[in-house]
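Everything on this sheet refers to the single structure shown next.
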């Protein structure tokens with residue numbers, strides 16, 4: 001009887017574990033449908049045949065400030081969208097949380113910083129963030145033209161808030177995009193994402 | 001049976017208050033900041049040829065935290081860059097075991113209230129100076145919900161004396177040493193991995209009741225920190241079920257700190273074992 005109670009407890013605990021639906025390198029990218037800062041709805045399926053970058057963003061986070069204050073992120077937006085890549089900047093900050101933005105605020109911030117993503121997605125309920133397992137701002141994902149996750153991880157190999165580190169850092173997203181656009185396998189397909197936690201609702 | 005989150009640090013604060021004769025909550029962070037950094041030494045003097053333990057002390061406002069060597073899902077470990085006179089050398093930070101912070105679906109590892117991060121300073125036998133200044137630039141990340149980058153230049157000047165007994169901060173260091181994970185061959189560990197899950201087999205010393213346990217990994221990019229860790233018992237051994245990070249890196253070792261709730265209180269033991277493929281065996285031999 002004791003043994004049965006134990007087994008039941010174990011099963012209950014296992015059932016309580018959250019399902020593991022995250023973006024895994026080499027597997028199909030999780031689907032999402034999210035409105036952008038202008039109210040336009042985007043689904044991953046809309047970008048079939050294109051390379052897609054997802055960049056998790058919170059403008060008040062010092063790690064994000066490192067890459068926008070230095071112009072590093074905007075440079076990537078411009079360089080890769082000019083080459084036909086779809087770049088989606090995603091805000092999963094819930095209402096009342098740090099970095100929460102409405103469409104007007106998101107556009108104003110991007111304009112002020114001269115950011116040029118394809119769109120800023122407002123993932124206020126955190127559905128897309130949780131589907132991808134987005135943990136930090138920034139947390140970067142590259143999806144190839146077939147819809148397979150090609151890269152998941154940090155923007156580079158220098159986890160810090162120091163702008164000065166960017167010059168000597170290896171940018172994993174640039175490297176992955178260069179390889180994906182050339183039809184090559186991605187050398188560094190995963191890395192440790194670093195940054196602030198994504199400010200999901202409690 | 002269930003993973004546990006424990007709030008701690010209060011003891012250290014209380015002790016620190018006693019040691020300094022001031023209320024522990026009086027630490028004032030610089031304007032706009034929430035953490036006060038300082039440098040303290042275990043002795044009030046430095047003796048040539050005798051290693052000196054110093055500590056970076058971070059006093060955090062209520063609700064704010066800083067990070068452990070592995071910050072978990074987000075954050076950054078505290079770092080120190082030393083400025084020492086010729087002949088002196090600083091070792092690595094020794095990390096007291098952390099607590100967990102859950103924010104939404106994410107889990108990170110760190111400290112709240114008050115922490116001392118000890119560092120050993122090697123002192124040469126030939127030391128001509130009458131006093132020595134030890135300085136460090138300390139960088140940390142302080143977070144409540146939002147995060148700020150913190151930095152301070154801290155320093156300490158000690159006289160050079162023929163003997164260096166424990167000084168006025170000795171109690172603070174003694175309390176911190178109790179929170180440093182120790183190597184203990186009386187604890188047996190083995191780790192194995194099947195697909196997305198990983199099992200740490202734990203065999204506590206004879207007579208030690210293991211009531212709860214949490215494994216804080218130091219092996220980078222191995223575990224999914226946010227998944228619950230399930231402890232089950234099998235005879236004299238216990239299994240701690242851990243989840244792998246699906247985008248993690250391959251690992252041949254499992255290293256970290258097991259914080260175990262036992263009948264005699266909480267203990268923190270270093271774990272560093274090969275990670276083998278296949279189902280877990282609980283019949284592991286006790287290390288001698």
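Some notes on this structure:
- With Cα atoms, 0 to 90° folded angle of helix A:72-82 axis to chain A main axis: 80
- Shown here are the Rg and Dmax of the Cα trace of the protein assembly as shown, at 24.5, 76 Å.
- Helical runs (DSSP H, four residues minimum) scored at -39500 (n - 2.57) apiece and divided by the length of chain A put the mean residue ellipticity at 222 nm at -9000 deg cm²/dmol.
- Taking A:44, B:76, B:180, A:54 and counting other C-beta atoms within 10 Å, the order from fewest to most: B:180, A:44, B:76, A:54
- Degrees, to the nearest 10: A:103-113 long Cα axis against longest axis of chain A: 50
- Shown for region A:116-188 is the translational diffusion coefficient from the Stokes-Einstein equation, using the Kirkwood radius over Cα pairs, a temperature of 4 °C and a viscosity of 1.567 mPa s: 94 µm²/s.
- Solvent-free Debye scattering, log10 I(q)/I(0), computed from the Cα coordinates of chain A at q = 0.10, 0.11, 0.12, 0.15 Å⁻¹: -0.42, -0.50, -0.58, -0.87
- Using a Gaussian network model of chain B in which every pair of alpha carbons under 10 angstrom is joined by a spring, one finds that among B:182, B:203, B:161 the greatest mean-square fluctuation is at B:161.
- Exposure proxy ranking, count of Cβ atoms within 10 Å, fewest first, for B:34, B:225: B:34, B:225
- Helix B:10-20 vs. chain B, principal-axis angle (Cα, 0 to 90°, nearest 10): 10
- When A:63, A:32 are arranged by Cβ crowding within 10 Å, least crowded first, meaning fewest neighbours, the order is A:32, A:63.
Every number in this text was worked out from the coordinates using simple rules, so none of it is lab data. Fair warning: this is a prediction, and the values are worked out from it, not measured in the lab. Virtual Cβ from ideal backbone geometry, glycine too; neighbours counted across all protein chains shown.
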